[in-house]
Structures are given as structure tokens and as C-alpha cells.
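The values are calculated or read from the model by the stated rules, or taken from the named source; none is laboratory data. Just so we're clear, the structure is a prediction, and the values are computed from it rather than from any experiment. Ideal geometry is used to build each Cβ from the backbone, glycine not excepted, and the neighbour counts take in all protein chains shown.
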Amino acid sequence: MKTFLSERWTVQALTPEARQILPADPVPATVPGSVHTDLLTAGLIPDPYLADHEDSLRWIGHTDWKYATTFDAEPPAVGERVDLVFEGLDTIALIELNGHEVARTVNMHRSYRFDVRDLLVVGENRLVVSFSAPIEAALRLSAEQGARPHVNSYPYNAIRKMACNYGWDWGPELVTSGIWKPVYLDRWSHVRIAGVRPLITMRSADAELDVHVDLEWAGPSNGLSAGLSADAPVEVVVTVAGEERHVVVAPGQPAAVLAVEVAAPDLWWPRGYGLQPLYPLIVCCSSGGSEVDRWKQEIGFRTVALDTTPEPDGSAFTLVVNGRPVFALGADWIPDDCFPHRIDRARYGRRIDQAVAAGMNLLRVWGGGIYESEDFYALCDQAGLLVWQDFLFACAAYPEEEPMRGEVIAEAREAVTRLSSHPSLAVWNGNNENFPGYHDWGWKERLGDLTWGLGYYTDILPAIVAELDPTRPYSAGSPSSPSPDLDPNDQHHGTMHIWDVWNKLDYRAYANYVPRFLSEFGFQGPPTWATLTRAIDADQLSFDSPQMLLHQKADDGNAKLAAGLADHLPAPASFEDWHWATSLNQARAVQFGIEHFRSNAPRCAGTVVWQLNDCWPVTSWAAIDGDGRLKPLYFALRHSYADRLLTVQPRPAGLSLVAINNTDAEWQSTALIRRTDLGGAVLAEQKETLQVPARGTATLPLENAVAVADQIARELISADVDDQRASFFFAEDRASELAVPDLQATASAVPGGYRVQVRALNLVKDLALLVDRVDPDAEVDDQLVTLLPGETVVFRVRSAVAFDPELLLSPAVLRSANQLLSPRPRG
Ligand code: BMA
């Protein structure tokens, strides 16, 4: 029986400097929680996400903290174990119960269970958890283990704590402490189910399920409790899909494996490939006819593999589910909040729904964050989102000696066991960017004889996966190549990260690469206006104000934003134009990349965009900002992740229309491809039958009359097939003759929100309705729509607020690329 200890907690600073800032008395605390959120709730600090508060709150990470509570407890019954369970402690903690040391822990990524039978007292018990200042702890551990390269002000690689909590190139330095997951007393007798690994192998249509059940025994009986003896055998019963298996387990035996054959189960598929049937799996332990413990989760029947077959030019890297190759339409996932205890099931649900609505089928949980909660993986199971899970190593060299070695092994074993039941979990991956770090960022030279983590990625972690969950593929690193002789970021092999584009090159340089599997690439843009103006004071709304710079963490980020814009749009005339132009450019950059990469399937077998989400209000690579609002990039992702996509691509024979069909039905239709001028006059036309195989592409070379412009500044190609359109402009906007938008727009209130109808009288490019500027909680159903002269679009706005619909038509809300060009007469 679990008794959650979530009441009567207090927190107190132990460091003298902090005691001068805070009141002398302890402050009420929330568990699960964190110091920052406790101080915020107590009104002792401002919101760390707003203005420049990050700067004034750095002392929190330099402070030792003490959490304390009291609780009443019954004495343990005869033969009963009473365990104190911490699902997560952040991070270097000393645990004391009634004045006795229970344990010292050093790893945020593990859970802990202690037998405290002998420490409990009848009546009031006092539990104290003291945390060492996390910045000093990292510095001390780094000095003890040997300083190694990393990408932060602090050596996060010396401590097993969420790396990005020390700040990242999108994350604030809010180095927190706290009991970040539930804590409870667990009273149990006889035996306990400590873990279940349901491992599935398919034999043609039938499943062989090996249910590995780890058991913990209360210990030799020193008496009898309710007729149960701790040294009596137990019966373990597994039930799934109408099948039942039993085994009798002798006392003290630490594990049992029950093999269940399930005839022709309905298969679980990633979304877009089929349904996601889930089957409850129940494991029950009983003795003498009474149930002792029970475990229940939903599982899904499917296989997953990585096809890495060598080819004449490189080697494949393709996810294969149930024998079918799957093109990964994905995004990288970071912790959705710097204080992850605030991410509840509903918030995970919103984010996952957003990923699904954008057409994604994969999320990559990045190694600088955390193993996410059960809710995350369960929702991905339901939604059909594959999960690529990094082990928690990112952009740094890690010591391979004790004590870290033991911590890494323990945390990895726990994570692999815990997540093994989730059909969504598709790949375990060793690390984020540590191979390029070692090979290309100068670590090799700096490290000398120090270890850097290689043994984890090539030996320890794959061995743990092979032992505990051989049904999942393992990849050594993101990026990595199959042989140490190759560049880990080689585009012909394995996974690749493309970062030179954002850092140094124009986004058209994405076309220089055809990676096998792109697990990171991205382009920055600011958060939505509502999020930005919630976080930044009104007098700081300029792109290089101190507050804006604090909310832009990328190395030279603003200069890269400006450089990224330069080839496409003129320098923005105002802050508001800067905001719109950089948002638009971010969207276009990523869409340009995705269309190019998808048009190169199946050689390229996945695009995982850096990054889906943010953890606070910041200018970043995210598609969904720190307040959960959709940036223009989100809509560009949705367009470019469509099941059926049209794109005009350069091919050796000239411009071609590439049609990509990511469905199981052949796409047969007629393509109408036109070269027109900006006024809508058709200059050339090509009509062709289009036949795109299921899960395939078709390439139609364009006739010269269509493919070659007479006047590039005033012409474009539009290709229409069914409801899909590709627009291809011969000139960049800055060099085009796009005119001031000429719109006939009407807005009206409708049930649940507003309807905005826009008719373009001239060519309007990338029309967007930035509804958050009117109602921060409003959402629009589409953005970035290009209209030819005479065409109409209807936007549907979801909003619970009553306002004058005309507000939606103001030029700051109804945006287009045309507005960013120096005024040219209406065409
Ligand atoms: C890669 C990621 C992150 C980083 C991103 C943007 O390095 O793995 O570490 O935030 O690029 O720079």
C-alpha cells in the first residue's frame, strides 16, 4: 500500500548568503516540486521566465537547501516491509528519517527505495532531504573526476542531473533543486513486483511474448502475517489478449519469465501506417489464493528494427516497423519546462496532439534532458508516435570511472526496464553529439588520457539494451556512422545533424546534403508575439535589448538571424517587422529543407527537426513556443509533413515537380503546372497524368516553357494536383516585384471564435493570421498561405474572447511576406 508523502513540506536555505535574502523561517514547499517554484509560490522571487529575472536568481543554484516534512505512521506489521520510495531527487541529496541517515543519492535520473522499517516511530516521523548546491556540486565533482569538455558555464557532465538545467543555447540557467517526482511509503509483505519487461517477437502473424518479471522478496520470515509466510512460494499469473500463463516461483527467486503466445494479434503501427491497438497486460502475484501484488500496463504488438544495410555508396539508416520501412517525420523533444514536475499529463497531451496535428510520426527525446514520465510514453503509444530515446549524454565528455560508471549503469538499467512495455519506444540511442565533439570539436586534444564516454556508447549501453530489451534497436550516437573510421556526421551513413546551415550558410545549402537520416537540423525564430510580450517588458521590445538578448541564448544568435534573412528579405524596418520576418524565415528555411530531404526518399529516411518545443519564452529553433503557442514554423511543418506533398526541385535535367505519396494508396491524378506572372497571367502550361506509387515518389520534369522564366522578378510556377499545390518563385522576395498586398478581407464572429475570409486581388505570399496578437489564447487553423490573384482563403479562429472582429484584419495581425518588401505599387 502506498502512502504519498506530499503534505506539510517546507524548504529552507542552508547557505548563509541565501539566508540573508530569504526570511529566517522555512517556506511551505510542494512535493513533487523544485526550489524555484516553491519560492515563486511563496512570493519570494519573481517569475524566473520573465524580464531579466534569470540574472537575479542565479544565487539559487549556489545554495544548499533543506526540505522537511512530518508524517504519522503505523508501526510495521509482522513481516511487513515499509519502504521509503523517491521516484526522483534533484540531485545530490542526503536523506534523514527521524535523525538517522537513510542514504545519500547523486542521480536525478534514478528512483530510490529504502527499507525504513527500523527507522519509523509510532506517531510523528520527521523526514529531511538536504540538497547540495548544484553548481558547487558539479564543480567539485568535475575537479574530483577530472575536468572534461562541455558546452556550458558549468560542468554538467560531472553530475547526473538534467544537463540543460545549467542553461543551454535555448534554455535559461535556472539550476534548481528539489524532490521532483513523488515520494511515498510503500508497505508490502512477502513479495513485490519490482519490474516487468514484456518482450515481443513476431513469428509471422503470431506474437511470442516473454514477460520478464523481477521480484523482490521481503526476506526470510521472522513470523507469520495473516497466514502468509515470506518464505512461501508465490504464483505469478500473466494475462494478456485472452491468454493466461502461470508459474510458481520459489521464495527468494529474483525473477520469472512467462512465455505467452498470442495468435494473430492486431498490430500496433506508427500513425499513418495503421492503427494503435493496445492490449492490457496484467501480472499478478498471489499466494494461498490471495493477491500479493499486481502490475498492469497496455502493450502493443509490433516489431521495430533499423535497416543499416551497406550500399555501394554508404549504408542505409531506415526505421522498419512490422517489416515496413517508415520515413520518420519527426521533431526533437526537449523538457517542456525547466521545472519538469509542472509537466502534467494534460500538458504532455497538448504537445503530443500538436505533434500529431503537424503530421509527425516520431519524437526524439534529446539526451540533454530527462527520461520523460510514464504519461509521455503512454500518450505516444496511443497517438502512434514513435519515440527515439537518447540516453542522457549531450555535447560533453563523460568520465567512465566510478562513481559515475555505476550511476550510469543503474540509471540505464532502470530506464530500459521501465520503458520496455511501450510500443512507441523504437530506438535507444547512446548520446547527443559526443562523437563529433570528440572528433571535431578539439576534445581529443584536450582530454589527453581522460576517458570521454566511448565505453558507454559502444559497450555498456548496447550491452544493457541487448540484455534487458533485445527487441529494440540501439544506435551509438546522434549523429554517428557505423564505423569509427568514418566521420560520425557523414551524410552517407547513419544519422546526421546539419548545423552549418543555421550557423554559417544560407538555408538553400540544405540542398547540398542528402543524409540517410537527419536527426537534427533547424533554424531559429522568435516566440509568438503574445509569448514574447508576456516575457519582455514593453520598453525592451527591440531585438537587441538586454532582456531580448537574455532570451536569445544561441551563440551570436541575432547576427545569424540577420544573416539568414539577408538573401531572402530586406532588413526589417521595425521590431514588429523583425519579429514577423524572422518568424517567416524560420518557417521557410525548415520547409525548404524538409521538401528537399523528403524528395530524396528513400535514400533519406527521416527528418527530425530541431526542435518541437521550448521550455520558456525564448528565441529558438522551436515550432511551439515556451507558452505552448504555435509559431509560423509549426504550420510550415504541417504543410511539409503532409501525406501527399508536391514540391518543385532542381534535378539534373532541370526543374521538376516531385510528388511524394506517404500513403498506402496509389496517388493518381492530373498535374496542372503553370508559369504565371505576378498578375496571374498564364505564360505557359503543362498538364500531365501523375501516378505516384504508394509510399513512393514520382518526378515530372518540367517542360522548358514552364521551367524557364522570362522575367524572374515577376514570375512563378504553380503546380496543382487535387488539393495540393506547390509554388515556386524564380526570385527571392527581396529581388522580386511582389507588391503591397491588395486584400478584400472580412471577419465575423462565429460560434467558438471567428471566421476570416481573405480574397487576394494581387499575388499574396505567405499570408498568416497572427491571432495571438488579438487574443493570446486564440488559435488559427492555418498560416502561410500563398494566394494567386483572385483566390480566396478562409481562416478559422478558435477563441473564447469577444472582441471586434475587425481587429483580425489589422496589418499587424493579417500578415504576408509582401508587407516586408519596400512599398511597391499594387500590381
Ligand atoms: C544541437 C542540439 C542541441 C542544441 C542544438 C542547437 O547541438 O543537440 O544541443 O540546442 O543543436 O544548437
Within the range 504-522, restricting attention to residues that are within 16 Å of the ligand (Cβ to nearest atom) and farther than 26 Å from A731 by Cβ, which residue is surrounded by the fewest Cβ atoms within 10 Å (Cβ to Cβ)?
E520
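Please enumerate the residues belonging to the range 730-755 that are among the hydrophobic types (A, V, I, L, M, F, W, C) and closer than 27 Å to T676 by Cα.
Just the residues of the range 730-755 that are among the hydrophobic types (A, V, I, L, M, F, W, C), to begin with: 730-731, 735, 738-740, 743, 745, 747, 749-750.
Correct list: F730, A731, A735, L738, A739, V740, L743, A745.
What do you reckon, is T63 without any contact (Cβ under 8 Å) to a residue 60 or more places away in the chain and of a type outside the set (A, V, I, L, M, F, W, C)?
Details: without any contact (Cβ under 8 Å) to a residue 60 or more places away in the chain: no; of a type outside the set (A, V, I, L, M, F, W, C): yes.
No, not satisfied.
Could you please find all residues in the range 36-69 being polar (S, T, N, Q) and either over 37 Å from the mean Cα position of the chain (by Cα) or in a loop (DSSP other than H, G, I, E, B) (or both)? Steps first, please.
Initial filter on the range 36-69 (polar (S, T, N, Q)): 37, 41, 56, 63, 69.
Of everything in the range 36-69, just one residue is polar (S, T, N, Q) and either over 37 Å from the mean Cα position of the chain (by Cα) or in a loop (DSSP other than H, G, I, E, B) (or both), namely T63.
Every residue in the range 544-581 that is within 16 Å of the ligand (Cβ to nearest atom), assigned to a helix (DSSP H, G or I) and either touching a strand residue (DSSP E or B) at 6+ places or on another chain (Cβ under 9 Å) or of a type outside the set (A, V, I, L, M, F, W, C) (or both), please. Show your work before the answer.
Just the residues of the range 544-581 that are within 16 Å of the ligand (Cβ to nearest atom), to begin with: 551-561, 563-564.
Now narrow it down to the ones that are assigned to a helix (DSSP H, G or I): 557-561, 563-564.
Answer for the range 544-581, where residues must be within 16 Å of the ligand (Cβ to nearest atom), assigned to a helix (DSSP H, G or I) and either touching a strand residue (DSSP E or B) at 6+ places or on another chain (Cβ under 9 Å) or of a type outside the set (A, V, I, L, M, F, W, C) (or both): G557, N558, K560, L561, G564.
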Just checking, which of G167, G171 is within 16 Å of the ligand (Cβ to nearest atom), modelled with pLDDT of 95 or more and either at positive phi or more than 25 Å from the chain's Cα centre (by Cα) (or both)?
G167
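Specify which of the listed residues (Y377, Y438, Y456, Y398) is surrounded by 19 or more Cβ atoms within 10 Å (Cβ to Cβ), touching a strand residue (DSSP E or B) at 6+ places or on another chain (Cβ under 8 Å) and closer than 26 Å to F517 by Cβ. Can you show your working first?
Values: Y438 fails: touching a strand residue (DSSP E or B) at 6+ places or on another chain (Cβ under 8 Å); Y456 fails: touching a strand residue (DSSP E or B) at 6+ places or on another chain (Cβ under 8 Å); Y398 fails: touching a strand residue (DSSP E or B) at 6+ places or on another chain (Cβ under 8 Å).
Of Y377, Y438, Y456, Y398, the one residue that is surrounded by 19 or more Cβ atoms within 10 Å (Cβ to Cβ), touching a strand residue (DSSP E or B) at 6+ places or on another chain (Cβ under 8 Å) and closer than 26 Å to F517 by Cβ is Y377.
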Scan the range 685-700 and tell me whether some residue there is touching a Gly at 6+ places or on another chain (Cβ under 9 Å) and outside the structural domain of N762 (by TED's automatic domain parsing).
no
Within the set of pairs 6 or more residues apart or between chains, which connect a residue that is within 17 Å of G654 (Cβ to Cβ) and at pLDDT 95 or above inside the range 716-740 to a residue that is surrounded by fewer than 22 Cβ atoms within 10 Å (Cβ to Cβ) and among the polar types (S, T, N, Q) with Cβ atoms less than 7 Å apart?
L716/T676; L716/S727
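Hey, can you tell me all the residues within the range 529-540 that are over 15 Å from T582 (Cα atoms) and not hydroxyl-bearing (S, T, Y)?
If we filter the range 529-540 for residues that are over 15 Å from T582 (Cα atoms), which is where we start, we get 530-531, 533-540.
Once the filter is applied, which keeps residues that are over 15 Å from T582 (Cα atoms) and not hydroxyl-bearing (S, T, Y), the range 529-540 yields A530, R534, A535, I536, D537, A538, D539, Q540.
Among the residues that make up the range 347-362, is at least one of them acidic (D, E), in contact with a strand residue (DSSP E or B) (Cβ under 9 Å, 6 or more places away or on another chain) and either part of a loop (DSSP other than H, G, I, E, B) or more than 17 Å from W269 (Cβ to Cβ) (or both)? Break it down into steps so the answer makes sense when it comes.
Here is the first cut: in the range 347-362, the ones acidic (D, E) are 353.
Now narrow it down to the ones that are in contact with a strand residue (DSSP E or B) (Cβ under 9 Å, 6 or more places away or on another chain): none.
No.
Which is more than 26 Å from I370 (Cβ to Cβ), in contact with a Phe, Trp or Tyr (Cβ under 8 Å, 6 or more places away or on another chain) and either of a type in the set (D, E) or free of Cβ contacts under 8 Å to residues at least 60 places away in the same chain (or both), of E74, E17? Lay out the reasoning, then the answer.
Numbers: E74 fails: in contact with a Phe, Trp or Tyr (Cβ under 8 Å, 6 or more places away or on another chain).
Among E74, E17, only E17 is more than 26 Å from I370 (Cβ to Cβ), in contact with a Phe, Trp or Tyr (Cβ under 8 Å, 6 or more places away or on another chain) and either of a type in the set (D, E) or free of Cβ contacts under 8 Å to residues at least 60 places away in the same chain (or both).
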Taking the range 327-376 as the search range and keeping residues that are within 16 Å of the ligand (Cβ to nearest atom) and of a type in the set (G, A, S), which one is nearest to T41 (Cα to Cα)?
G369
Can you spot a residue in the range 428-440 that is away from the ligand (no atom under 16 Å from the Cβ) and modelled with pLDDT of 95 or more?
yes
